[in-house]
Amino acid sequence: MNILEVRNLSKSFDTQDVLKGINFELSQNEVITIIGSSGCGKSTTLRCINLLERPYDGQILFHGTDITDKSVNRNEYRSKVGMVFQNFNLFDNLTVLENCTIAQRTVLRKNRQDAEETARLYLKKVGMENYINHPVTKLSGGQKQRVAIARTLCMNPEIVLFDEPTSALDPEMVGEVLEVIRSLAKEGVTMIIVTHEMAFAKEVSDRVIFMDEGLIVEAGSPEEIFNNPKEERTKQFLRRFV
Amino acid sequence: MTIDFTILVSVFKRNWPLFEHGIKITCIFAVIGTVCGLLIGIITGAIRTMKTDEDDSMLKKILVTFGILFTRFYIWVFRGTPMVVQATFIYYLLRPVFHWNTTTASLIIISVNTGAYMAEIVRAGIQSVNEGQLEASRALGMSYGQALFHIIMPQAIKNTFPSIGNQLIVNIKDSSMLNVLSVTELFFQTYSIAGSNFRYIETYFISAIIYLLLTSVASFILNRMEKRMDIENNAKIMEYAS
Ligand SMILES: Nc1ncnc2c1ncn2[C@@H]1O[C@H](COP(=O)(O)OP(=O)(O)OP(=O)(O)O)[C@@H](O)[C@H]1O
Ligand SMILES: [Mg+2]
């Protein structure tokens, strides 16, 4: 069964239709990347899935339940769907470790010891175990993003959404973050990744979605999209990256 | 037109116990008013920034809307009228209900008055914390209240600490208005002393010097606290950098 099904997702800001009916599904352990030019609605799609934006129309089924329904506990749902932001959005008043424990303690109601144990585990995984008590404001961009990924993983989410996780990084730090995401993909973490890193998308995804002007133009395996795109718009977009 | 130094000394010596009592009361009112005012300001400032969204229940929408209107009204009235007027009016208005003495009434009024200023300071502080941190907390499943308490408010208070501290200085001076309710603070004492020895210039000169000393000491302490906050941060950084 699909873990997530997006049906006819629509969203507008004021008079601008940003999403005009998005349909796709995500199955367990699958990695989907969404590509497309700036302003086509990639971030809005992720933000709707996480309910940071309220969809205007359509359904988002999580294990078959429509989470746009008012009766759904949105905080509980969000704790199961992690989100990694372009600008990291770490909590500046907390240390690296606390960034990773605060939601475990407040949302999952874990005690300090359990929360810290989990946090150490994931901080180790992203290679940040030596910075545990470091204030986050002094970390480099790549380090911040790795902490942000650990913070999300600590909630043990069923899906992780990445919104251009490397776009705000200096070029020399892109690699370390992609390396972490690559290892998650290998472990079978279910993910939706919005990215402009085409080589990475090709390598890591099970399926690639190309969006343009609020619609999915084409979806398929990395082979299909990158080597044999059917749509003219996809070809045009990809031409920019070769 | 001149200040007679020997008279000054004798006025000071003869009336020191009265001045001392005034200093004590002024300090108590200033400190309690500032601390309670900050608490009131944190609560009302937080309410002022609450938002409803379409998916919230009707009850929540009504409560939040009412809360926002109420805090706006409170801030408008208490910042827009002099504390002398507030003190007199509220004391007499509510005396039949609470049967309160002037000391209790004055303490409450200075707190509520300070709270209105603190609310605006806290609101500005909340707005100074970048929106991304709130989104990240929400994306992890934290409620608005949890995000506010653990993430946003600590930073809001830290960012606006100079303005918050300034309210203590203001209160050292403005508690003098409570003389209308016969609170025996420094101004009331000065007024009484001068009224009995007719040495207005010397008595008020002493009073002014005492106020200046009190506000200077308060400034000094506040500056130290501010520096300490920064030093604690830097120390953390130094410790882990080595
Ligand atoms: N909060 C908002 N209010 C108004 N318009 C918005 C808002 N958020 C996004 N938009 C608009 O919606 C459109 C799609 O934005 P979105 O951020 O989803 O694009 P994107 O595909 O993520 O682009 P990018 O690659 O630049 O991140 C844009 O035209 C943008 O201006
Ligand atoms: Mg975007």
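Computed quantities for the displayed model
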read-out: Exercise: per-residue mean of other protein chain Cβ atoms within 10 Å, A:88-95; value: 6
read-out: Exposure rank, largest accessible area first [A:Phe85, A:Phe226, B:Phe149; 1.4 Å]; value: B:Phe149, A:Phe226, A:Phe85
read-out: Choice from B:Met50, B:Met153, B:Met83 with maximal GNM fluctuation in chain B (Cα, 10 Å cutoff); value: B:Met50
read-out: Gap separating the Cα centres of region A:1-26 and region A:209-242, nearest whole Å; value: 18
read-out: Normalised contact order of chain B, rounded percent, pairs of Cα under 8 Å and 6 or more residues apart; value: 30
read-out: Karplus (6.51, -1.76, 1.60) ³J(HN,Hα), θ = phi - 60°, over region A:219-225, in Hz, Gly and Pro reported as x; value: 9, x, 5, x, 4, 4, 6
read-out: Between helix A:112-125 and chain A: long-axis angle, C-alpha atoms, 0 to 90°, nearest 10; value: 60
read-out: Percent accessible area from carbon and sulfur atoms, chain B, protein chains only, probe 1.4 Å; value: 68
read-out: Heavy-atom accessible area per residue - region B:116-242, 1.4 Å, Å²; value: 50
read-out: Protein-only accessible surface order, largest first, of B:Ser111, A:Ser12, B:Ser163 at 1.4 Å; value: B:Ser163, A:Ser12, B:Ser111
read-out: Area hidden from solvent between B and A (accessible, protein heavy atoms only, 1.4 Å, total, Å²); value: 2500
read-out: Region A:70-171 - percent of accessible surface contributed by carbon and sulfur, probe 1.4 Å; value: 38
read-out: Region B:70-159 - charge dipole about Cα centre, Lys and Arg +1 at Cβ, Asp and Glu -1, debye rounded to 20; value: 160
read-out: Nearest-20 debye value, region A:92-177 charge dipole, Cβ charges on Lys, Arg, Asp, Glu; value: 380
read-out: Mean Kyte hydropathy of 0.5 or more with a Cα span along the axis of at least 15 Å, helices from DSSP in chain B; value: B:5-48, B:58-80, B:83-98, B:102-128
read-out: 1.4 Å probe accessible area per residue over region B:1-111, in Å²; value: 63
read-out: Listing of region A:98-122 residues, each with accessible area lower by at least 40 Å² in the full protein assembly than in the chain alone (probe 1.4 Å); value: A:Ile102, A:Thr106
read-out: Accessible area, probe 1.4 Å, largest first, for residues A:Met211, A:Met198; value: A:Met198, A:Met211
read-out: B:Trp100 accessible area, assembled protein chains, probe 1.4 Å, Å²; value: 30
read-out: Centroid-to-centroid separation of region B:52-85 and region A:87-155 [C-alpha atoms, Å]; value: 36
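The values are calculated or read from the model by the stated rules, or taken from the named source; none is laboratory data. Keep in mind that what you see is a predicted model, and the values were worked out from it rather than measured. Backbone-built Cβ (ideal geometry, glycine too); neighbour counts: all protein chains shown. Quick note on the areas: whole protein, heavy atoms, side chains included, nothing else; ligands and nucleic acids left out. Shrake-Rupley method; radii C 1.70, N 1.55, O 1.52, S 1.80 Å.
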